[in-house]
Amino acid sequence: MTPSKAPSRLVAETQTFSLPGDSTLLIRPTTTNDILAVSFVLPMGSREEPEELAGMTTLGLRMLTRGTRNRSDFEIAVALESLGASFSTDVQKDRTTLTIQTTGSRWKETFVIIRELLTESIFPDEAFEIEKEILIKEIREDLDSPFTAASRLFQGTFFHGHPYSHPGQGSDETVQNLTLEQAKSSILDRLGGVPVSVGAVGAIEPEVMLESMVDLVSALPSTHPVQLNTPRKLAPRTCQVEVCEQRSTEAECMIYGSLHRTCMNRIMRSGESWTRLWVAPWTPDYS
């Protein structure tokens, strides 16, 4: 079969624009309905955090909606809800994503709020302590899952000595020790120092979105580009396949990857409830 040289409809309908600071806007206008979704993807993931500060990016991003120079956190929530809009953040190992959902007819009003969150947040002390408590509670709840507990042990062993070894949202101990200044600087000192990739799909004219994004990217704090504090490359590892079948609950945990025996033993001895564990050999190439 000969592959088609014609671009797909999705590619053909997507327009690309350059933004200040080596940033990029990808936009695909639609007319099906009035919904508009916008995502900001920034290369500032949790891998840049020292192990003892794990979770500071997650905590810092959550503070963006906790108050600005002109609005309280309650006023921000009411304003977004009245527009039928939402704003969320997510931190992964290698990237941070900010997501907005609104309607094309309400984009200008929504953009005013989003611009305010990214350029005028005040990071109030009292809200910071509340967000710390919420994040710690979420971390503890996640560890109630056998799969999450096993995955944490796997990552900590396989990626030992590399930022991938610690969870993106941090641990109970690291989050508890974070300060407001650390969380604040993790966002404000880096937000304008990295190229932003913006993707927009929905009911909006490209020129309108381009004007908004040029304005926003230009308004972000101007800082030096972020430098990763650790190497990207990992030494390859191999191991023999080990399978544990004993269990006393319905919980099943599947992990694919190279796994050290110490990690296996820690998982299987971690409590009274046994899990079923499948391990498949895999040696990643990080070159």
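The values are calculated or read from the model by the stated rules, or taken from the named source; none is laboratory data. Quantities reported herein were computed from a predicted structural model and do not represent experimental measurements. Because the Cβ atoms are built from the backbone with ideal geometry, glycine has one as well, and the counts that use them run over all protein chains shown.
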Selection from the range 54-107 of residues that are of a type in the set (Lys, Arg) and either in a loop (DSSP other than H, G, I, E, B) or free of Cβ contacts under 8 Å to residues at least 40 places away in the same chain (or both):
66, 69, 71, 93, 95, 106
Can you pull out the residues in the range 4-50 that are of a type in the set (Asp, Glu), surrounded by fewer than 14 Cβ atoms within 10 Å (Cβ to Cβ) and farther than 18 Å from residue 192 by Cβ?
13
Output for the range 38-60, where each listed residue is hydrophobic (A, V, I, L, M, F, W, C) and over 26 Å from residue 208 (Cβ atoms)
44, 53, 54, 56, 59
Answer from 128, 123 - the residue that is touching a Lys or Arg at 6+ places or on another chain (Cβ under 9 Å), of a type in the set (A, V, I, L, M, F, W, C), within 14 Å of residue 59 (Cα to Cα) and not in a helix (DSSP H, G or I)
123
Among the residues of the range 76-118, count how many are more than 20 Å from residue 197 (Cβ to Cβ), in contact with a Ser or Thr (Cβ under 6 Å, 6 or more places away or on another chain) and of a type in the set (A, V, I, L, M, F, W, C).
3
Looking at the range 30-43, is at least one residue touching a residue at least 24 places away in the same chain (Cβ under 8 Å) and within 18 Å of residue 184 (Cα to Cα)?
yes
Check 156, 193 and return the single one that is at pLDDT below 90 and over 30 Å from residue 80 (Cβ atoms).
156
Criterion first (touching a residue at least 24 places away in the same chain (Cβ under 8 Å) and of a type in the set (A, V, I, L, M, F, W, C)) does residue 118 satisfy it?
yes
Looking at (1) of a type in the set (A, V, I, L, M, F, W, C); (2) more than 25 Å from residue 41 (Cα to Cα); (3) touching a strand residue (DSSP E or B) at 6+ places or on another chain (Cβ under 6 Å); (4) surrounded by 15 or more Cβ atoms within 10 Å (Cβ to Cβ), which is the only condition residue 158 fails?
(3)
Residues being part of a helix (DSSP H, G or I), among the hydroxyl-bearing types (Ser, Thr, Tyr) and closer than 20 Å to residue 65 by Cα - total across the range 156-185:
1
Could you tell me whether residue 71 is surrounded by 18 or more Cβ atoms within 10 Å (Cβ to Cβ), out of contact with any strand residue (DSSP E or B) (no Cβ under 9 Å at 6 or more places or on another chain), under 25 Å from residue 209 (Cα atoms) and not β-branched (Val, Ile, Thr)?
yes
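Quick grid of which residues meet (1) under 28 Å from residue 172 (Cα atoms); (2) modelled with pLDDT of 95 or more:
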position	(1), (2)
42	yes, no
47	yes, no
54	yes, no
73	yes, yes
93	yes, no
104	no, yes
112	no, yes
